[in-house]
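Novice: Handing you a structure now.
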Amino acid sequence: MKNPASGAQTMTAIVEDIIKATEETIILMCRPDAPAGFAAGQFAYLQTEAMEKPRPYSIASAEGDALISFHIKTAPASPTTEAFAQLKQGDSLTIDMPHGKSRLEKDADTPLIAIAGGVGIAPIHSIITTAQAHNPARPVHLYWGCNTADELYLHDLFRGLDNANPHFLYTPVLLRPHQDFAAGLVGEHIEQAAHDWKNTDIYLAGPKGMMLHTLGILETLGVPEERVHYDRFW
């Protein structure tokens, strides 16, 4: 069922696969019962049979993928996290999508900076994989901040892109010091970077504290508001 006012569509999807990304994060792979159009960076409302109301989750799959994927935290314990933790292959859920104003401009050739915190990598993954498929020569720099190395569950994917594509750069940042990674807050590394901020498109996703800190830094750097793309979930 389509909502004419928003362009969103409500559909049923079957769980095709559940990937355990970390001890507290799953990647939910769903097959919708109708074509699911969306722009990279947008989100959906998900509801399982065990949930009283739908909750918003960013779409992690690239535009055009047959399956729709979501990165979902299963901790700390709550009715919502428990509902997703109990899902199994073959179960169904309701998806209402697409929503959100943060969306990739595929035809732009300006440099792109993607800044993610934790599972905020979900919409950033959608943006990066879509951008790479559309124009692999577009300059992209990904900053991904996490607490520990175990939380960098897509590290091999992005490191591979960094090695294979001279136009793609990847900077993982850990809050807890690690010999193989930059340390500190991801926003601090943004502040130290030399980018042409006024001619760069910035996509931001992550927990509230990380986003507010990074938005403050971007404002201090003089980044125009229209260049910063994100959706607020709080």
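Novice: Tell me yes or no: at least one residue of region 220-229 is polar (S, T, N, Q) and part of a loop (DSSP other than H, G, I, E, B).
Specialist: Looking through region 220-229, none of the residues is polar (S, T, N, Q) and part of a loop (DSSP other than H, G, I, E, B).
Novice: Taking LEU142 as the residue in question, decide whether it is under 27 Å from TYR57 (Cβ atoms) and over 17 Å from the mean Cα position of the chain (by Cα).
Specialist: When the stated conditions are applied, LEU142 does not pass them.
Novice: Further question: Which condition number does PHE181 fail, the rest of (1) modelled with pLDDT under 95; (2) in contact with a Cys (Cβ under 8 Å, 6 or more places away or on another chain) being met?
Specialist: The failed condition is (2).
Novice: I need every pair where a residue in region 105-133 that is on the phi > 0 side of the Ramachandran plot has its Cβ under 7 Å from the Cβ of a residue that is of a type outside the set (Gly, Ala, Ser) and at pLDDT 95 or above, sequence separation at least 6 or different chains.
Specialist: Every condition considered, the pairs that remain are GLY118/CYS146; GLY118/GLU151; GLY118/PRO207.
Novice: Scan GLY41, GLY64 and give me the residue that is assigned to a loop (DSSP other than H, G, I, E, B), within 16 Å of PHE233 (Cβ to Cβ) and not assigned by TED's automatic domain parsing to the domain that holds GLY118.
Specialist: Being assigned to a loop (DSSP other than H, G, I, E, B), within 16 Å of PHE233 (Cβ to Cβ) and not assigned by TED's automatic domain parsing to the domain that holds GLY118 holds for just one of GLY41, GLY64, which is GLY41.
Novice: Mind listing whichever residues of region 87-109 are in a loop (DSSP other than H, G, I, E, B) and modelled with pLDDT of 95 or more?
Specialist: LEU87, LYS88, GLN89, GLY90, ASP91, GLY100, LYS101, SER102, ARG103, LEU104
Novice: Got at least one residue in region 178-196 being crowded, with 18+ Cβ neighbours inside 10 Å, in contact with a Lys or Arg (Cβ under 7 Å, 6 or more places away or on another chain) and either at negative phi or not aliphatic (A, V, I, L, M) (or both)?
Specialist: The answer is no; no qualifying residue exists.
Novice: Among the listed residues LEU46, LEU93, LEU28, identify the single one that is buried (at least 20 other Cβ atoms within 10 Å of the Cβ), over 20 Å from the mean Cα position of the chain (by Cα) and either more than 17 Å from THR129 (Cβ to Cβ) or hydrophobic (A, V, I, L, M, F, W, C) (or both).
Specialist: Of the residues listed, the single one that is buried (at least 20 other Cβ atoms within 10 Å of the Cβ), over 20 Å from the mean Cα position of the chain (by Cα) and either more than 17 Å from THR129 (Cβ to Cβ) or hydrophobic (A, V, I, L, M, F, W, C) (or both) is LEU93.
The values are calculated or read from the model by the stated rules, or taken from the named source; none is laboratory data. Since the model is a prediction, treat every value here as computed from it, not as a measurement. For neighbour counting, all protein chains shown are included, and Cβ atoms are generated from backbone atoms with ideal geometry for every residue, glycine included.
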